[in-house]
Every structure is written in structure tokens, then in C-alpha cells.
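J.: Sending over a structure as C-alpha cells; questions will come in a sec.
No lab work stands behind these numbers, since they all come straight from the coordinates. None of the values given here were measured: they were computed from a predicted structure. In this analysis, Cβ positions are derived from the backbone assuming ideal geometry, glycine residues included, and neighbour counts consider all displayed protein chains.
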Amino acid sequence: MLDETIESITTQMLEYHFPRYDELSAIPLYRDQVLDSLNAYMLPLCTDQSQPPVTAAMINNYVKLKLLAPPVKKKYDRDQQAQLLCILLLKQVFSISEISRLLELQTHTYPFPQAYDYFCVEFETALRDTFSTRSFSGIGQQTHHPTPLSDLVCSAALCVAQKIFTQKFLHLDAEYSIQLEMDACVNG
């Protein structure tokens, strides 16, 4: 039974598609429409599917915190929908100020639609790599017989390590961070 459940979750995550910029509504949506859309995209990623992943109060809070531009005539455009999707994913690991900095760095370097689509590809790749191989980039090979529990421990360790990596670089001076990105693009 456990193996079947693991197989089902793995299949669902391997097939998961995070919507690209052009797949989001080009027509500005009212908040209730945005909630329906975002919840449909985010629900497969949630463990507790009895609660909606995003609520009106959450969206209002992101606007108050200036993480998201206020709606125009009570409607949210495609950029705002994409920003909300990024925020919903990133808030599981990062603080609001870290998310703000991540979005700022990425959109300072690339046009928003390109930056968003790049994030989508990277997220799907990380999701597929994690769920397909469960090797967690070579860490956690202490046991010769991996189990769901050892996979869980390895995943948690990887998540924390990746968070630390991201936070260390986010706290660098903004110009230095942007310069590193530009150098990597030129030398890449």
C-alpha cells in the first residue's frame, strides 16, 4: 500500500506542469477568478488538500506588504498572477523580504515574462529530479537500502542546504549579485 501511494505521488509530481506566462490569463481577472486559477495550479503540490493553498486574505497581505502591486479596478493582470504563483511556492521556504529580493534580482536582469518562465522550468526540473531519482544530488547515501524515511531525511537536508545557499547569496550586496549574474552570462 505504501509503495503504491509513493508511486502515485511520484507520478503526479513527474507529470506536474507549472503554468508558463503565456498560459496565464491575458485578460485581467477579479480576485475570485484569480483564487480559483491559483488554487487549481497549487493544489497538486499541497499535502493538505482540504484547505485552499491561497486565500483572499493572503493576496491582500501581499499587496499590503508591497510584494504585489495592487489590483487595477479590482482586477489582477498576468504579471500579478505569475508573481502570486512564485510567491506561493517560495513562501514555503523563504521570508517575505527574501522573496521580494529574489523577484527583484531576477526581474532586474531579465524581462518579467522571461524571468517567470525560467523560474517555471527550474522548478519543474527540481521537482522531477527530486521525485524521479530520489538521489538528492548524491547526499544521504549513508544507507545502502534507501527507504521512504531515509528519502524524507535526505530531502529535508537538501531543502535546508539549498535555502542556506540562496540566503547567503541574497544577502550579498545587490550590485555584486547582479554583477555575478552578468559575468556568468558573458562567460557561459
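J.: Read phi for every residue in segment 113-123 and hand back ³J(HN,Hα) as whole Hz from Karplus 6.51 cos²θ - 1.76 cosθ + 1.60, θ = phi - 60°, with x for Gly and Pro.
T.: Along segment 113-123, the couplings run x, 5, 4, 5, 4, 4, 4, 4, 4, 5, 5 Hz.
J.: Need one number: nm distance between label points at Ser8 and Val121, each 7 Å from Cα along Cα→Cβ, rounded to one decimal.
T.: For the pair Ser8/Val121, the computed spacing is 3.4 nm.
J.: Can you give the local net charge around Tyr21? Use residues other than it whose beta-carbon is closer than 13 angstrom to its beta-carbon, Lys and Arg +1, Asp and Glu -1.
T.: -3
J.: Which whole-Hz ³J(HN,Hα) couplings does segment 82-91 yield from phi under the Karplus relation 6.51 cos²θ - 1.76 cosθ + 1.60, θ = phi - 60°, glycine and proline marked x?
T.: My calculation for segment 82-91 gives 5, 4, 4, 4, 4, 4, 4, 6, 5, 5 Hz in order.
J.: Quick check for you: which residues of segment 82-99 have the amide N under 20 Å from the point 7 Å beyond the Cα of Arg31 toward its beta carbon?
T.: 82-89
J.: Pop a pseudo-label 7 angstrom from the Cα along the beta-carbon direction at both Ser97 and Ala56 and give the gap in nm to one decimal.
T.: Output for this residue pair reads 3.2 nm.
J.: Over segment 1-96, calculate the relative contact order: mean separation of alpha carbon pairs under 8 Å at least 6 apart, over the residue count, as a percent.
T.: Relative contact order, segment 1-96: 34 percent.
J.: Counting only residues 5 or more places away or on other chains, whose amide H sits under 5 Å from the amide H of Tyr76 once H atoms are built in the peptide plane?
T.: Under 5 Å from the amide H of Tyr76 lie the amide H atoms of Leu29, Tyr30, each far enough along the sequence or on another chain.
J.: Rounded, prolate or oblate: pick one for segment 20-104, where a ≥ b ≥ c are the square roots of the eigenvalues of its C-alpha gyration tensor, a/c under 1.5 means rounded, and failing that, prolate if a/b is larger than b/c, else oblate.
T.: Rounded, because the longest to shortest axis ratio a/c is under 1.5.
J.: Could you list the residues of segment 9-30 with an amide nitrogen less than 11 Å from a label point located 7 Å from the Cα of Gln49 in the Cα-to-C-beta direction?
T.: Correct set: 9, 12.
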